[in-house]
Amino acid sequence: MRIQEQIELGFTLLEMLVTLVIVGILVTMAVPSIHEFLRNNQLSSRTDKLISTFNFTRSEAITQNGLIYITAIAVDNWGEGWTIWVDQDGDGLLDNGLNDTEILHEVRFSGATTIKLQNDDFSAISLEAISLAQVDSSLKPKTLGYRGNAALAVTSPVQFNICDDRSNEKGRQIEIRITGRVAMVNNDDFQCQ
């Protein structure tokens, strides 16, 4: 009499449970790093958008050989967005919807990104004190202007700190020189507060 060996195909319940536990542990470890990756990507994206906005504004000033303004939507935080405009009648007002102001581009953000004019020690820079933009006093604290020669209409370079709502994380910094050129600041010690 011959005994036949029976070969079992498949997994036991115990093997399946061990595999599910291991996969669960790996997923739990991966999710926070994906979240951080997405937050860092959003911060980089908004920094790039700000740089391209200033480059566009500078280019338009050269093309039109005149003043082009960029005005923040909020006085103390450029992170909400901005408007690029031309004051065609020279009254220094951003007259939305009227024929004397041409809106070239508008950017609006939602989320927790903060873009502020600040020094490295997070002391605020008064844009009103350094801006030479020929605009109404209500717009002066949140408006920069580019001249037709591509220069920024300011008395000193402007530095923006770009941060999100994570504290003690590395943020981004850009500087706009008086010549109008925009550059990323390489500061490995800079951390958002």
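Is at least one residue of segment 22-41 touching a residue at least 40 places away in the same chain (Cβ under 8 Å) and touching a helix residue (DSSP H, G or I) at 6+ places or on another chain (Cβ under 8 Å)? The answer is no; no qualifying residue exists.
Kindly provide the set of residues from segment 76-89 that are of a type outside the set (Gly, Ala, Ser) and either loosely packed, with under 14 Cβ neighbours inside 10 Å or at positive phi (or both), ordered by number. Those that are of a type outside the set (Gly, Ala, Ser) and either loosely packed, with under 14 Cβ neighbours inside 10 Å or at positive phi (or both): GLN88, ASP89. Selection of first residues in segment 177-193 that are over 22 Å from ARG58 (Cα atoms) and of second residues that are at pLDDT below 75 and of a type in the set (Asp, Glu), restricted to Cβ pairs under 6 Å at least 6 apart or on distinct chains, gives the following pairs, ordered by first then second residue: CYS192/GLU169. Of all residues in segment 9-20, those being surrounded by 10 or more Cβ atoms within 10 Å (Cβ to Cβ) and not hydroxyl-bearing (Ser, Thr, Tyr) number 6. Cβ-Cβ contacts under 7 Å between residues 6 or more apart (or on different chains), taken from a first residue in segment 54-82 that is in a strand (DSSP E or B) to a second residue that is charged (D, E, K, R) and surrounded by 15 or more Cβ atoms within 10 Å (Cβ to Cβ), are listed as ILE68/GLU60; TYR69/ASP87; THR71/LYS142; ALA72/LYS142.
Filtering segment 90-106 to residues that are among the acidic types (Asp, Glu) and either at pLDDT 75 or above or in a strand (DSSP E or B) (or both) leaves ASP91, GLU102, GLU106. When GLY111 is tested against (1) of a type in the set (Gly, Ala, Ser); (2) modelled with pLDDT of 85 or more; (3) farther than 24 Å from VAL154 by Cβ, only condition (2) is not met. Would you confirm whether or not segment 43-63 contains a residue that is in contact with a helix residue (DSSP H, G or I) (Cβ under 9 Å, 6 or more places away or on another chain) and surrounded by 13 or more Cβ atoms within 10 Å (Cβ to Cβ)? There is at least one residue in segment 43-63 that is in contact with a helix residue (DSSP H, G or I) (Cβ under 9 Å, 6 or more places away or on another chain) and surrounded by 13 or more Cβ atoms within 10 Å (Cβ to Cβ).
The values are calculated or read from the model by the stated rules, or taken from the named source; none is laboratory data. Keep in mind that what you see is a predicted model, and the values were worked out from it rather than measured. All Cβ positions, even for glycine, are placed from backbone atoms using ideal geometry, and neighbour counts span all protein chains on display.
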